[in-house]
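K.L.:
Structure provided below as structure tokens; questions to follow.
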Amino acid sequence: QVQLVESGGGLVQPGGSLRLSCAASGDIFSPNTMGWYRQAPGKKRELVAFITIGNNTNYADSVKGRFTISRDNAKNTVYLQMSSLKPEDTAVYLCYFGRYGVYYWGQGNQVTVSS
């Protein structure tokens, strides 16, 4: 089992920045991938970004150049630095840990971009 605890998120004005964190504990074995999905009301769940244990990254086109994902393997923690935020980035952001097709999820954090 893997437990994920998310932090960060909140309300920010358009153009602002936020950082999400997600700390994993439990059966943290390699290889694995961590990342975030987001879910906005009335929209499909969208993969935002992920990072492998070897620090290979992938981003949704909608966030490329604005979001940066990173991880600290010593702390089993992944970070999502979000900059130049737009109202359309408003969503619940869900951290995940994946290994060989098995996924664990964080509790989700609301990110609201509004003036």
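The values are calculated or read from the model by the stated rules, or taken from the named source; none is laboratory data. The model shown is predicted, which means the values in this text are computed figures rather than measured ones. All Cβ positions, even for glycine, are placed from backbone atoms using ideal geometry, and neighbour counts span all protein chains on display. What goes into the accessible areas is simple: the full protein's heavy atoms, side chains included, and nothing from ligands, DNA or RNA. Shrake-Rupley method; radii C 1.70, N 1.55, O 1.52, S 1.80 Å.
K.L.:
Report, by residue number, each residue of region 44-60 that is in a loop (DSSP other than H, G, I, E, B) and among the β-branched types (V, I, T).
P.N.:
I53
K.L.:
Okay, moving on. Among residues belonging to region 61-75 that are surrounded by 15 or more Cβ atoms within 10 Å (Cβ to Cβ) and not aromatic (F, W, Y), point out the one that is farthest from the chain's Cα centre (by Cα).
P.N.:
Among residues in region 61-75 that are surrounded by 15 or more Cβ atoms within 10 Å (Cβ to Cβ) and not aromatic (F, W, Y), the one farthest from the chain's Cα centre (by Cα) is R66.
K.L.:
Would you confirm, using the coordinates I've provided, whether L11 is open to solvent by less than 50 Å² (accessible area, probe 1.4 Å) and either part of a strand (DSSP E or B) or within 14 Å of G108 (Cα to Cα) (or both)?
P.N.:
Criteria not met by L11.
K.L.:
Identify all residues within region 61-82 that are part of a loop (DSSP other than H, G, I, E, B), under 19 Å from W105 (Cα atoms) and not charged (D, E, K, R); write none if there are none.
P.N.:
Across region 61-82, the qualifying residues are N73, N76.
K.L.:
Here are the criteria: (1) open to solvent by 50 Å² or more (accessible area, probe 1.4 Å); (2) more than 24 Å from P14 (Cβ to Cβ); (3) touching a residue at least 24 places away in the same chain (Cβ under 8 Å). Tell me which single one V78 does not satisfy.
P.N.:
(1)
K.L.:
For region 31-42, enumerate the residues that are touching a residue at least 40 places away in the same chain (Cβ under 8 Å) and either part of a strand (DSSP E or B) or not aliphatic (A, V, I, L, M) (or both).
P.N.:
Listed by number, the residues that qualify are P31, N32, T33, M34, G35, W36, Y37, R38, Q39.
K.L.:
Counting only residues that are assigned to a strand (DSSP E or B) and in contact (Cβ under 8 Å) with a residue 60 or more places away in the chain, which one in region 14-25 is most open to solvent (accessible area, probe 1.4 Å)?
P.N.:
Of everything passing the filter in region 14-25, R19 is most open to solvent (accessible area, probe 1.4 Å).
K.L.:
If a residue must be open to solvent by 30 Å² or more (accessible area, probe 1.4 Å) and either at pLDDT 95 or above or in a strand (DSSP E or B) (or both), how many such residues does region 87-106 contain?
P.N.:
Number of matching residues: 9.
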